[in-house]
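To keep things clear, I will list the structure first and then write my remarks on it.
Just so you know, all these numbers are worked out from the coordinates, no wet-lab data involved. Just so you know, these numbers come straight off a predicted model, no measurement behind them. Here Cβ is always computed from backbone atoms with ideal geometry, including for glycine, and neighbour counts include all displayed protein chains.
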Amino acid sequence: MGIKSPLITLMPNKTFFWFFLPTGLAMILFIGLPIISTGIQSFYAQHDQVVKEVKKCDPFGCTVSIVVDQEKTSKIREEKPLGKFNGFGTYVDRNHLAIEEIGKFWNETNSFGEFVDQVTNLPFYKALIFTLTYCLFVTPNVLLLGFIIALSLNAVTRRIRGPLIFGTILPMIVTPLVGSLVLFWMIDAEGIIGANLQMLMDDPYLSLKSSKTLTWITIIIYGIWHHSPFAFVVFYAALQTVPQEPVEAAIIDGASRWQRVRHIVLPHIYPVVTFVALISLMDNFRVFEPIIGFSAEGSAQSLSWLIYDNLVNEEVILFGSAAATSMMTIVGIAILLAPVLIRTWKEFRTAR
Amino acid sequence: MRETNMKKILISLLFLLFGTSAYADCNIKSGSINILANDFPALRTFVETAKGCKGSADFKVTHSSEHNKIAVPALTANPSEFSARIAANSSIVPLMNQDLIRPLDDLVKKYGKGIQDSQLITIDGKIMAVAFMANTQHLYYREDVLKELGIAVPKTYEEVVAASEKIRASGKMQYPYAAAYKAGWNLAEEFVNMYIGHGGEFFKAGTAQPSINNAKGVATLNMLKKLAGLSNPDYLTHDSEAIKVEWESGNVALMTLWASRSGTLLDDDGDAKITAATKLTGPATVAGGNIPAATLWWDGFTLAKNRSDADAEATFRALAHAAANKKMVADAADQAVWLIEGFKPGPKSIGVIEAVKMKAKPYPMLPQMGLMHGALGSEIVEFLQGKESAEQALKDVEAAYMSKAKEQGFL
């Protein structure tokens with residue numbers, strides 16, 4: 001039922017190929033190759049460390065301690081610079097898929113609830129659950145809110161539409177980190193929202209930042225606030241293309257406002273809704289900035305945060321771990337998008 | 001009129017020339033100097049002093065609190081982005097693990113005049129760093145509040161808990177205690193301090209096998225939880241800067257904080273009444289132990305291996321000038337506990353000096369310690385939130401550490 005995009009119907013495959021070639025090359029160079037390199041890296045671990053006992057002296061005295069034996073280590077490194085081949089070792093270890101641990105939990109725990117508790121205590125699953133929760137709450141709400149704002153703005157008089165649109169897309173213009181920091185300070189126990197909430201609830205120990213549930217809710221609300229303008233802008237543009245004749249005909253037939261939206265507007269902009277849903281899902285699955293902005297590492301970890309943690313939070317950089325989590329994030333996005341992509345493909349086939 | 005003006009300009013020009021020639025003792029003719037350092041006042045002073053003797057060498061510096069994240073990648077590049085890195089006990093370890101810094105023996109012999117032997121960090125007989133200041137975390141207290149309520153200055157964490165409870169009961173302050181409990185590095189550092197105070201060991205002797213899941217570990221966690229209960233409920237998001245702000249707003253009467261931050265707490269900024277009542281004392285002990293629940297730290301400079309010898313020489317000469325500079329030590333006596341000859345400790349150095357007297361242990365300089373620190377920072381959070389038992393949290397730490405240590409080849 002949706003309208004076909006004029007680009008696809010008019011452009012022959014050959015023209016499309018040449019049109020796409022520069023972008024394609026850039027994508028292979030800057031996205032494809034790094035992904036392949038990350039993939040290769042995820043199968044390697046560091047060589048076994050050769051350590052030796054030495055005397056260490058500092059201003060506070062001398063002790064016998066251990067250091068990495070550089071002579072022996074550098075020889076091993078030269079021979080095999082990538083490290084020790086580990087296969088899927090990093091993928092299945094305790095900090096990732098934890099296959100062995102899960103098997104153990106299954107045998108040891110008495111009830112299913114206990115088993116779930118144990119599994120969700122593992123870092124990867126903890127992060128996965130937050131990431132999915134964030135996606136599941138943010139994406140539909142972004143679509144809904146964006147659509148409602150677009151509809152309402154489309155209905156107001158043209159004179160004040162400009163400033164209103166600008167105000168509405170502000171959350172998207174503000175850098176995510178800055179946006180989250182502003183909210184972070186507002187919800188502080190002494191911030192305007194935090195202090196008022198304490199007064200309203202009559203609980204001086206109430207803290208949005210220390211409770212896990214409240215932190216999650218805060219981040220999800222922030223996510224909806226930040227992403228809605230994107231959905232709004234796209235929906236608003238799509239609304240401008242809705243043909244007026246059927247709408248007028250429907251009015252004459254006595255259709256209510258809701259019926260007009262349901263039966264004329266929505267089917268018309270349906271392809272755009274799919275597009276926004278796809279982009280939102282992808283974006284939300286990679287949620288990262290609000291966790292840093294809200295200093296929420298303690299209560300909420302996402303898959304992207306795990307990668308960041310492996311790369312910078314320790315003084316020792318865990319390339320293998322970071323690479324493995326990256327690959328699994330890509331797989332995760334592919335799985336999430338699969339239903340929408342398959343559906344779009346089927347529609348494309350039938351349209352031809 | 002014009003002529004006198006000209007004269008003035010000439011004189012000041014001459015003065016300027018003469019003034020710069022006072023630094024000519026370094027006489028560095030070439031090379032390029034690029035320093036990576038943490039960002040706090042003492043380090044800025046140190047680097048500025050080094051800059052004073054750069055001669056005609058290029059001089060660049062990056063002060064960043066994110067220095068740990070940049071260091072290893074930046075020094076791995078060849079040639080390395082930085083010629084020197086100001087490091088500490090913990091941050092020198094990854095540089096040693098990856099073989100990124102050079103021995104300084106020859107340079108110390110040639111240009112190290114005035115550097116004291118006690119400043120040299122030697123590992124396996126080679127000088128790997130030159131230390132210039134010491135640091136630790138110790139107690140700060142509000143003299144007025146303690147006096148008013150008749151509380152003695154606490155010497156143990158048990159007394160800190162009792163004092164905080166008394167302050168809370170008096171209704172003066174709701175969250176009388178503060179420490180940097182931000183999930184991640186800071187929280188792990190508090191655990192390390194408290195665990196060492198309990199006499200704990202992180203690894204089975206001579207191996208990289210973890211050994212924190214024991215009675216001392218449990219006692220450590222329980223003490224941290226007690227203290228957290230007396231802190232602002234947002235404690236898991238509070239780093240050193242955040243608790244400093246809490247202190248300066250008058251919300252806190254007892255605090256564990258870095259000695260290097262005392263300068264900014266006691267300066268003229270902020271409420272004069274609070275500043276006047278802010279007093280420093282040594283680190284607290286815990287569970288009847290004699291060594292403090294704190295670790296000693298040194299800050300010193302290291303030179304990048306992947307950089308030309310000429311750059312290394314120029315960098316060393318400039319930094320050595322600062323690391324043996326009596327004038328800097330006298331001018332900036334308030335900023336740090338300098339390890340440099342001629343330092344006269346002032347009231348702001350009490351914390352570190354007490355810690356040394358009480359035989360505090362240095363932060364463990366082991367190759368695998370960074371992984372343990374990282375695992376602690378994320379895995380003990382759920383215990384503090386009351387979602388997990390202490391034993392479970394310690395079991396998680398060990399498991400998380402083991403996976404990482406296996407990937408890094410330590411196990």
Review point. For the stretch B:332-367, list residues with backbone N below 14 Å from a point placed 7 Å from the Cα of residue B:124 toward its Cβ?
Key: B:367
**Study point:** C-alpha long axis of helix B:185-197 to longest principal axis of chain B, angle in °
**Key:** 70
**Study point:** Charge dipole magnitude, Cβ of K and R +1, D and E -1 - the stretch A:122-351, Cα centre, debye nearest 20
**Key:** 880
Review point. Where does helix A:192-201 land angle-wise versus the long Cα axis of chain A, in degrees 0 to 90, nearest 10?
Key: 90
Exercise for review: May I ask which residue of B:84, B:264, B:229 lies farthest towards the positive end of the charge dipole of the protein assembly as shown, with charges of +1 (Lys, Arg) and -1 (Asp, Glu) on Cβ and the Cα centre as origin?
Suggested key: B:84
Exercise for review: For chain A, with a Gaussian network of springs between Cα atoms less than 10 Å apart, report the residue from A:31, A:220, A:149 with the top mean-square fluctuation.
Suggested key: A:31
Point to revise | Dipole axis of the protein assembly as shown (+1 Lys, Arg; -1 Asp, Glu on Cβ), positive-most option in B:399, B:375, A:265 | key: A:265
Exercise for review: Could you name the lysines whose alpha carbon sits less than 19 Å from that of residue B:54, not counting residues in the same chain fewer than 8 places away?
Suggested key: B:29, B:110, B:113, B:326, B:327
Exercise for review: Could you work out the local net charge near residue B:119, counting Lys and Arg as +1, Asp and Glu as -1, over the other residues with Cβ closer than 12 Å to its Cβ?
Suggested key: -4
Practice item. Calculate how steeply helix B:67-76 sits against the longest principal axis of the alpha-carbon atoms of chain B, using the helix alpha-carbon long axis, and give the answer as 0 to 90 degrees to the nearest 10. Key: 60
Practice item. Note down the net charge around residue A:153, summing +1 for each Lys or Arg and -1 for each Asp or Glu among other residues with Cβ under 14 Å from its Cβ. Key: +3
Review point. Short version: ³J(HN,Hα) in whole Hz for each residue of the stretch A:178-186, in order, from phi by Karplus 6.51 cos²θ - 1.76 cosθ + 1.60 (θ = phi - 60°), x for Gly and Pro, what are they?
Key: 5, x, 6, 5, 4, 5, 4, 6, 5
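What percent does the relative contact order of chain B come to when contacts are Cα pairs within less than 8 Å and at least six residues apart?
The value is 26 percent.
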**Study point:** Distance violations [Cα-Cα > 18 Å] among B:126/B:359; A:52/A:72; B:244/B:273
**Key:** B:126/B:359
Review point. Around residue B:337, which amide H atoms from residues at least 5 apart in sequence, or from another chain, sit under 5 Å from its own amide H, with H modelled in the peptide plane?
Key: B:134
Point to revise | Sum of side-chain charges, residue A:118 neighbourhood, beta-carbon under 10 Å (Lys, Arg +1; Asp, Glu -1) | key: -3
Revision key, fill the gap. Distance in Å, no decimals, from the C-alpha centre of the stretch B:192-231 to the one of the stretch A:219-257 is 58
Exercise for review: Quick one: among B:162, B:390, B:37, which has the greatest mean-square fluctuation in a GNM of chain B with alpha-carbon springs under 10 angstrom?
Suggested key: B:162
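Between residue A:347 and residue A:193, what FRET efficiency follows from the Cβ-Cβ distance if R0 is 45 Å, with the result rounded to 0.05? Don't jump to the answer; show the numbers that get you there.
On the way: r = 44 Å, r/R0 = 0.99.
Working from the Cβ atoms, E equals 0.50.
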**Study point:** Candidates per chymotrypsin sites (Phe, Trp or Tyr not before Pro) in the stretch A:159-215, loop by DSSP, up to 15 other Cβ within 10 Å
**Key:** A:205
Point to revise | Max mean-square fluctuation residue, GNM over chain A, Cα-Cα springs under 10 Å, options A:200, A:145, A:281 | key: A:200
Practice item. Determine the dipole magnitude for the stretch B:70-127: charges of +1 sit on the beta-carbon of Lys and Arg, -1 on that of Asp and Glu, nothing else is charged, the reference point is the Cα centre, and the result goes in debye to the nearest 20. Key: 180
Check your understanding: Whats the longest run of chain B with zero trypsin sites (Lys or Arg not before Pro) that are DSSP loop and have at most 11 other Cβ atoms within 10 Å?
Key -> B:205-411
Check your understanding: Any idea what the relative contact order of the stretch A:122-351 is, in percent, if you count C-alpha pairs under 8 Å spaced at least 6 apart?
Key -> 30
Review point. Between residue B:215 and residue B:273, what length in nm is gained on full extension when 0.36 nm per residue of separation is reduced by their alpha carbon distance?
Key: 16.6 nm
**Study point:** Dipole magnitude (debye, nearest 20) for the protein assembly as shown, charges at Cβ of Lys, Arg, Asp, Glu
**Key:** 1500
Exercise for review: For the protein assembly as shown, build the charge dipole from Cβ charges (+1 Lys, Arg; -1 Asp, Glu) around the Cα centre, then report which of B:176, B:303, B:328 sits farthest towards its positive end.
Suggested key: B:303
Review point. Rounded to the nearest 0.05, what FRET efficiency is calculated for residue A:248 and residue A:178 with R0 set to 45 Å and r the Cβ-Cβ distance?
Key: 0.50
Review point. Given the protein assembly as shown, what percent of its DSSP beta bridges are antiparallel, to the nearest 5?
Key: 75
